[in-house]
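Taking it in order: structure first as structure tokens, then the write-up.
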């Protein structure tokens, strides 16, 4: 496939122009440089097909002075929208939804939003597609809860893309760079979609975190389980658990799992996901992961395994200190940032743990980002 025609304007894909083999080699060298001193780094796990893997697509909407509608991503370092009608990493059906909405809003006289003046209705569109079925969720991010002719709009949209199973209005009426507001109004369907991962069913709501590359995510979660060595006699803490994906996979084999997540919408979905999968040995706490760990360690709560999947900024020293105090035999660390992983491994290896193995995954082809799964074991 030819290099993306928007690469100079967009800036979203750092490795456009490189072959996929060259991308993997570049990432392997980066991970080795940062992490090899802590333990054995395995070969990076790439994708058979690195194109159109993103099952979640966000598009900002605006217009030019001449009245042309733009839908795409922000140019790197700015809030200037780059019009991107086709993309090599976004799911094709998701992109079709974006392009269809771009055509429909003209005939429905829906004004796109202007960040400078605060005038206009449509700010963003977020599309999520299930990996294991054809369900598509469309989230229209509006500056007001009122969408004129909403039923006819949905009907026209579904005529072009019949796989759309739910449409939600997300109200974002604040002067903010955040994409989503706090209020969701379902105008078609059930307000969420479902996906399967590692043999389990998961509910995905508009505000819930869910990995954008399900094919690689499944491999990552299975590796995290392999490193955790979960068994029917072991208690597991799943920190930064999101909608409970990793914790529910662990609960198939564990004695007990505790999931901890700050996002309340994600916790609601996690509880529903546990019921949906008939998992009764898992509990979820709507708390900051560090705060939970500090309380648990002060109460001398014991755990056999900690699975942690922190944000790009990594964990906190307070979290890690509490984890060391709780003294699990194993820590399975899922990281989306090798730099912060290296910083955190420095702490763990100085405080009673050794790195058994690190496996990098190409979760985001054509970008510089790398996912790693790390096995930490308590030193006897």
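The values are calculated or read from the model by the stated rules, or taken from the named source; none is laboratory data. All of these numbers come straight from a predicted model, not from anything done at the bench. Heads up, the Cβs are rebuilt from the backbone with ideal geometry, glycines too, and the neighbour counts pull from every protein chain shown.
Of the set (1) in the same structural domain as residue 179 (by TED's automatic domain parsing); (2) surrounded by 13 or more Cβ atoms within 10 Å (Cβ to Cβ), all apply to residue 41 but (1). Could you look through the range 1-13, keep only residues that are out of contact with any strand residue (DSSP E or B) (no Cβ under 9 Å at 6 or more places or on another chain) and crowded, with 16+ Cβ neighbours inside 10 Å, and pick out the one that is nearest to residue 365 (Cα to Cα)? Residue satisfying both the conditions and the ranking: 13. Among the conditions (1) on the phi > 0 side of the Ramachandran plot; (2) buried (at least 19 other Cβ atoms within 10 Å of the Cβ), the only one that residue 250 does not satisfy is (1).
Among the candidates 291, 318, single out the residue that is touching a helix residue (DSSP H, G or I) at 6+ places or on another chain (Cβ under 8 Å), surrounded by fewer than 19 Cβ atoms within 10 Å (Cβ to Cβ) and not in a loop (DSSP other than H, G, I, E, B). After applying the criteria, what remains is 318.
Can you find a residue in the range 220-227 that is in a helix (DSSP H, G or I), buried (at least 20 other Cβ atoms within 10 Å of the Cβ), assigned by TED's automatic domain parsing to the domain that holds residue 311 and at pLDDT below 95? So far as the range 220-227 goes, no, none of its residues is in a helix (DSSP H, G or I), buried (at least 20 other Cβ atoms within 10 Å of the Cβ), assigned by TED's automatic domain parsing to the domain that holds residue 311 and at pLDDT below 95. For the range 316-323, the count of residues that are modelled with pLDDT of 95 or more, assigned by TED's automatic domain parsing to the domain that holds residue 218 and at positive phi is zero. Among the residues here, residue 175 qualifies as part of a loop (DSSP other than H, G, I, E, B) and either outside the structural domain of residue 253 (by TED's automatic domain parsing) or at pLDDT 95 or above (or both). Taken over the range 44-62, the criterion of being touching a residue at least 24 places away in the same chain (Cβ under 8 Å) and either in a loop (DSSP other than H, G, I, E, B) or surrounded by fewer than 17 Cβ atoms within 10 Å (Cβ to Cβ) (or both) is satisfied by 44, 46, 47, 50, 51, 52, 53, 55.
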